[in-house]
C-alpha cells in the first residue's frame, strides 16, 4: 500500500530582550509589548521608590510594558509542525488484472530535518515496534533543548528574586499601614508601598506564566530531539529504503518516505479492476482465482473482501476496484506482482456441459432464427438434426445444459468444413 508524504512546515520562533531601543520606555529588560497607540497605564513611581528600579519613561510613540526586576533570558527556538497525510491511490492494472500488496503497510516519514548520521535497517530487515532504523544528527536539536533548559532556570531564578521582593513589599506595606494612622508616615508613602506590593504580586504571577511557557517550549524541543531517531511504528519487515548515510533530509511538502515497512507478508491482498459491465455480479465473500507471471502453472485462490464504490475512468473506460484477500503463508507472492484474476460469481456441480460454439452453430440453409430458442445440432442418420435445449450458467468456453433432448455422450456439431467439388459434406465435431 502506497502512502503519501506527510507535509511538514518549519517555523522559527525567537524570543530575545530588545536591547538598545531608541524610543519608547528605557527599562532594564522587556518581556512583553503593548500597542503603540495605547499610551502608559499605571503609576510606576511607587515602584521606583519601593524597589529602586530604573525610571519608566514614555515617549510620543507610546510606551512599552516593563518587567521591574528584569526578564528571563530567551533564545531562538525551532518548532516543527506537521500536517495530515493524504495517501495516494493504489496502482491499477488492466481490466480484471491487479497487483498484489501486503494487507498492512506502514511508511516511516520524516518529522525533522538534518543529515542522516546512521542507518540501522536495510532491505528485508525484520524490525520490531520502536526499533531505531536511522538517526539524524541530533546536535542542533540538543542545542535548542539546552537553551530551553537554561531559559527555564533563568525564569525560575527570576521568580525567586521577585518573590523575595514581594515579601519585602508586603512587610513594608504592613509597616507603613500601621504607622500612617498615627502620622508617623505619610499616606502617600503607605499608598506607594501598597501599590508596590500589588505590582510584586502581579510580577510573580507573570513569572509563573513565563515558567510554564518556557517549560512548554522545552517539552516541544525535547519532542523534536526525539524525532531525530527514526523508529519503526510496527512489527514487520522493511520493504524499501529510500535514504543513505550523509543525505540531507528536510520536512517539506516533497518529503520522501524513508522506509516502507510491511507488517505481515503472510496476509496479502490483490487490488483488481472489474469493468462496469461485470461489476453487478460481484459480491463480497465470492471466491476468486488468479495467476501471476512468476508462477504461470499455479492457480492461487482468494476471497473478495470489498467492492469499492469509487469509479476509475481511464480513456472513457469505467472500472471498479475489487479487493481480494489471500493467504500467503508460503511467501510465494511478493508486493507489486501483476495478477490475472477470475472471480467466480456462481457455480454448479454435476451438470451437463456443452461447448459454447455448439450453441452458436447453425448449418447452411437451416431454418429458424434466434427466436426459436437455444439449440444444438447433432448427427442423426448421417444428417444434422437440431435439438432444443435449456441453458443455465455460461462460462468462458462452456455452457450448462439445464434441460432438453441432449444426453451425456452426444456428439454436437461446432462447425463445418468447406465443401470441395465432388466431396460429400462433412461436419466438424
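Computed from the coordinates by the stated procedures, all read-outs in this text should not be read as laboratory data. It should be emphasised that the depicted structure is a prediction, and the values quoted were computed from it without experimental measurement. Cβ coordinates were reconstructed from backbone atoms using ideal geometry, including for glycine residues, and neighbour counts include every protein chain displayed.
For a Förster distance of 35 Å, can you work out the FRET efficiency between the beta-carbons of residue 301 and residue 235, rounded to the nearest 0.05?
0.80
Order of 277-286, 203-212 by packing, highest average Cβ count within 10 Å first?
Top to bottom by mean Cβ count within 10 Å: 203-212, 277-286.
Taking 0.36 nm per intervening residue step and subtracting the Cα-Cα distance, what contour gain separates residue 278 from residue 342 on full extension?
Full extension of this stretch gives 21.9 nm more.
Between residue 191 and residue 118, how many nm apart are label points set 7 Å from Cα along the C-beta direction?
About 6.9 nm separates the two model spin labels.
Taking 0.36 nm per residue of sequence separation and subtracting the Cα-Cα distance, how much length would be gained by fully extending the chain between residue 327 and residue 351, in nm to one decimal?
Stretched out fully, the residue 327 to residue 351 stretch lengthens by 5.6 nm.
State the extension gain, in nm to one decimal, for the chain segment bounded by residue 149 and residue 163, taking 0.36 nm per residue of separation less the distance between their alpha-carbons.
2.9 nm
Using the basic label-point model (7 angstrom from Cα toward the beta carbon), what is the residue 248 to residue 407 distance in nanometres?
If labels sit at residue 248 and residue 407, their model points lie 8.8 nm apart.
Label residue 308 and residue 177 with points 7 Å out from Cα along Cα→Cβ: what is the distance between them in nm?
Distance between label points: 7.3 nm.
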